[in-house]
Amino acid sequence: MDAVEKANTARQQQWIKDRKVGEGTYAVVYQGREASTKRKIAVKKIKVGQFKDGLDMSAIREVKYLRELKHQNVIELLDVFSSKTNLNLVLEFLDSDLEMIIKDRSLVFLPADIKSWMAMTFRGLEFCHRNWILHRDLKPNNLLIASDGQLKLADFGLARDFADPGYKMTCQVITRWYRPPELLFGCRYYGTAVDIWSVGCIFAELMLRIPYLPGESDMDQLKTIFRALGTPTEDDWPGHTKLPDYVPVGQFPKPPMRDLFTAATADTLNLLSKCLIYEPRKRISALEALSHPYFFALPYPTHPSKLPKCSTVVNKPLDEVDANVDMNSSGPGVKATSKGLKRKLTSPTEAKARSIARRLDFSKAPPSSP
Amino acid sequence: MSTGLVASSENTESKDPQQRQPLYEASTQFRNWRFSSEGLAQIREKLNEAAVAAIRNTFEVDQPGSSANVAFLHANEEVTLVKLYLTKIPQLCAMFRFPEEVEATAISYLKRFYLKNTVMDWHPKNVMLTALFLATKTTNNPISLETYTAHIPKTAPSDVLDLEFLVAQSLNFEFTVWHAHRALWGIWLDLQSLPDVDQNLSPSIHDTALNHIRASRLTDAELIYTPSQIALAAFTLAAPDLALKWAQSKLLPNVTSSQLSLDTISPVLELIKSMILNEGHAPDVEAVREVDRRLRICKNPEKVVGSKAYLAKQAEEERKAEEKRHKKVLEMQKGQSDPFGDEIQGTSLVDYDDDDD
């Protein structure tokens, strides 16, 4: 056996899969243990065999970035190994996500809890941005929660690095409700501000306990944003009418944020509004956000271990497994459907049937634009 | 862009705990793909010895005495052969009009691959094609496999795909590579904001330095030095005065004895410069041809499709897989005799598509 193969087998033997906790079109997730320490882990097994271009972009991105990023608020990729035509990612085990917590009606959030989640989100994001990595798919169910309460950015299937301004990128990223207006207008040159908008939407959602800007289509998304934050003027956002996909969607006045967020403090609303500034260059950065007065005012953030937790142990939603690969889409593998439309696999038999049906569809996405 | 400058492979000085770790030092490149030149030589020697021993054994199993007259390749001959294929990558990239990053990444992948594998097992011709295809994806410049192989003579999609896992594994799935040409761009941008530098810098200076960096890709430089060290050496070759000015601007503020000074960098730059000038060119074609001729005889028969050794290995693997499946079926049957087993019958506990190995 080759040395490389041997090393691969040795790695494989360090990890034990206990049970399947989710299955999607292109991946299966197992809960398991590290053989030597019994530490709980998750194994995401990606079926590569069915991609005719080999390892797919989503898996490559996830492995590429998680291999480099080590931070308390970023999910840890413990190991990678292959088995036949499968790629296995060994990840730290995280039992819930922020979406589950937001939706759990039995939980009450204190302002200090929200502050704690926001601090952890900004810390993880600041680390990504400092490493020149854009996440491009921040939303509550990509913010996973460890058993000690630590929040971790996960799912780097749409991430990319950035460096030079003027490098064209795709605007078909970020799940719609969390997508900033510049991307909805087809902007192909952007930076860290796109992730900040998403964090702003998550911030609002933590206070409202329902999605803040739930557009029903890309066009409706713009309308929803403008209804909530007012239609931007040329002063608010110079040049936005010149963006490639700009369309006027109507004039809406800017209602005071206070009307919706009745209980929020002035610092809270100030940070929220700075995340949701139309002009991307004026939007707050993750680093600046971390030193915003909001984080230094009373009440102080709740210690992670004291944060509200989901009471019931729920398996991770199965559709999570698929990450962002939608093999039927023509775009660069974006899953930006609204949550109501997401597939929920109801029974194992149905899962199987669907997975086979999906596999028979070989419509192949063209090479995605950089 | 200067962050990596202080991080030479010999650098062991204790760090100020107050100081944040430079980004480059957290990279997999810094942690896992940095060697001394002696270390590199040793790795290659060991790899070569182990490969020769294994292949010799395979020959002997097939027919005792058959390995006696085989002239196996030496480690340095392997390096020469790989180097020839390093020079093919820029040619292919030019044809496809791939960006510089794809080219540089593919070259790094090919070099890293042969720190874990021998050419006697895997011929660099095929590995090179796979490394390049993988690099297009990891640098976010993907093209379809069909388009890729259609433009390369005598290459089927499977030739590229069959090795993809092996290449990715050999790279330890560490796809991020930091490149000297990016560091050079940083130096170039910095220069334009230095107070005493003429604003009308001739772009030819950058291009000349870039050509030196391209030459450095044919050497071991990137496995020994940091991208910014290589970039500064290349820039020094192109414009020594400007390079000095830039270095001074980076090093001047509060130089203490424990910190980096020009005196500590200069010898490193000299080593890189001579490496670029002496080794940064294609190998002699005749010499490579000779190596390749011998490789035809000494390559691992287990990797030659259809050979006796290949078939034997296949049979052995098939037998093991069969054993495993059998074990799994037994386990499943045990599970079904469980009083709670009946409920899950029909949803098939054993999924052959899904074996967890």
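Please verify whether segment B:73-85 includes one or more residues that are within 18 Å of the chain's Cα centre (by Cα), surrounded by fewer than 22 Cβ atoms within 10 Å (Cβ to Cβ) and of a type in the set (G, A, S). Checked against the condition, which is being within 18 Å of the chain's Cα centre (by Cα), surrounded by fewer than 22 Cβ atoms within 10 Å (Cβ to Cβ) and of a type in the set (G, A, S), segment B:73-85 yields at least one hit. Scanning segment B:146-183 for residues that are outside any helix (DSSP H, G or I), surrounded by fewer than 16 Cβ atoms within 10 Å (Cβ to Cβ) and more than 10 Å from chain A (Cβ to nearest Cβ) turns up B:H151, B:P153, B:K154, B:T155, B:A156. If only residues of segment B:96-110 that are more than 9 Å from chain A (Cβ to nearest Cβ), open to solvent by 10 Å² or more (accessible area, probe 1.4 Å) and not acidic (D, E) are counted, the one that is nearest to the chain's Cα centre (by Cα) is B:F98. Of all residues in segment A:40-78 being within 18 Å of A:L144 (Cβ to Cβ) and of a type in the set (D, E), which is surrounded by the most Cβ atoms within 10 Å (Cβ to Cβ)? Ranking the candidates gives A:E62 first. Among the residues of segment A:265-278, the one identified as in contact with a Gly (Cβ under 9 Å, 6 or more places away or on another chain) and of a type in the set (D, E, K, R) is A:K274.
Within segment A:118-164, the set of residues being of a type in the set (A, V, I, L, M), within 14 Å of chain B (Cβ to nearest Cβ) and in contact with a strand residue (DSSP E or B) (Cβ under 8 Å, 6 or more places away or on another chain) comprises A:I133, A:L134, A:A159.
What about A:F252, is it open to solvent by less than 20 Å² (accessible area, probe 1.4 Å) and aromatic (F, W, Y)?
No, not satisfied.
Criterion applied to B:A104, B:A75, B:A68 was being closer than 30 Å to A:D161 by Cβ and not charged (D, E, K, R), and the one residue passing it is B:A104. Search segment A:211-233 for residues being touching a residue at least 40 places away in the same chain (Cβ under 8 Å) and open to solvent by 50 Å² or more (accessible area, probe 1.4 Å), and hand back the single one that is nearest to A:W117 (Cα to Cα). If we take residues in segment A:211-233 being touching a residue at least 40 places away in the same chain (Cβ under 8 Å) and open to solvent by 50 Å² or more (accessible area, probe 1.4 Å), then A:P214 is nearest to A:W117 (Cα to Cα). Candidates are the residues of segment B:49-72 that are outside any helix (DSSP H, G or I) and of a type in the set (S, T, N, Q); the one that is nearest to the chain's Cα centre (by Cα) is B:S67. Consider segment B:184-200 and keep the residues that are closer than 18 Å to A:P165 by Cα and outside any helix (DSSP H, G or I). The one that is least open to solvent (accessible area, probe 1.4 Å) is B:Q192. If you scan segment A:9-46, which residues turn out to be under 14 Å from A:L89 (Cβ atoms), in contact with a helix residue (DSSP H, G or I) (Cβ under 8 Å, 6 or more places away or on another chain) and either in a strand (DSSP E or B) or facing another protein chain (nearest Cβ under 8 Å) (or both)? Correct list: A:G22, A:A27, A:V28, A:V29, A:K44, A:I46. Scanning segment B:25-49 for residues that are of a type in the set (G, A, S) and open to solvent by less than 60 Å² (accessible area, probe 1.4 Å) gives B:A26, B:S27, B:S36, B:G39, B:A41.
Taken across segment A:266-276, residues that are over 23 Å from A:T224 (Cβ atoms) and either touching a strand residue (DSSP E or B) at 6+ places or on another chain (Cβ under 9 Å) or surrounded by fewer than 17 Cβ atoms within 10 Å (Cβ to Cβ) (or both) do occur, with at least one present.
The values are calculated or read from the model by the stated rules, or taken from the named source; none is laboratory data. Quantities reported herein were computed from a predicted structural model and do not represent experimental measurements. Ideal geometry is used to build each Cβ from the backbone, glycine not excepted, and the neighbour counts take in all protein chains shown. Heads up: the accessible areas ignore ligands, DNA and RNA and are worked out on the full protein's heavy atoms, side chains in. Shrake-Rupley method; radii C 1.70, N 1.55, O 1.52, S 1.80 Å.
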